[in-house]
1. Looking only at the stretch 69-76, decide whether some residue is surrounded by 13 or more Cβ atoms within 10 Å (Cβ to Cβ), touching a strand residue (DSSP E or B) at 6+ places or on another chain (Cβ under 6 Å) and at pLDDT below 95.
2. Restricting attention to the stretch 158-169, does a residue exist that is more than 19 Å from the chain's Cα centre (by Cα), crowded, with 19+ Cβ neighbours inside 10 Å and touching a residue at least 60 places away in the same chain (Cβ under 8 Å)?
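The values are calculated or read from the model by the stated rules, or taken from the named source; none is laboratory data. Nothing here was measured: the structure is a model prediction, and the numbers come from that model. Here the Cβ positions follow ideal geometry from the backbone for every residue, glycine too, while neighbour counts run over all protein chains shown.
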């Protein structure tokens with residue numbers, strides 16, 4: 001009983017994080033469409049929504065770690081630390097881009113800060129593949145495999161941007177996992193954390 005009581009706050013934060021991933025993902029999907037049809041300020045709003053969506057992954061990572069899985073403790077802790085560090089670093093670069101501190105050249109292969117952000121997307125994608133696959137029996141099949149699809153999306157997006165920018169085929173394919181599968185996964189994870197907390 002004490003363990004469940006100690007776990008509840010982390011699950012509550014994970015639940016909130018999952019809902020924020022889903023909500024910000026919906027905003028990002030709408031605003032990217034508006035940006036391509038109307039233009040600014042929708043591109044900046046989209047960039048901010050992606051920042052919020054990605055940052056909200058950190059409490060989901062912590063709640064997933066709390067529930068455990070098939071990974072020994074030390075590798076699980078390293079994966080959690082690496083995943084959260086990648087999320088935070090990605091958000092710092094994204095915020096710098098939104099504020100105009102760094103510039104991204106979307107037409108060409110990612111370089112500079114844009115390349116750093118793309119590599120971080122690949123690292124986040126690695127966590128999204130590994131953590132759901134190795135999660136314990138607490139994670140049902142659909143969110144487990146939707147997490148893998150989300151991770152593949154992050155990796156495809158990052159690699160596509162590194163190889164050729166926005167027009168690379170991997171960028172398009174990865175974008176589906178990033179902007180469609182990932183918000184859906186966040187919603188399902190939020191529901192799961194809520195049911196386990198209750």
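1. Within the stretch 69-76, one or more residues are surrounded by 13 or more Cβ atoms within 10 Å (Cβ to Cβ), touching a strand residue (DSSP E or B) at 6+ places or on another chain (Cβ under 6 Å) and at pLDDT below 95.
2. yes
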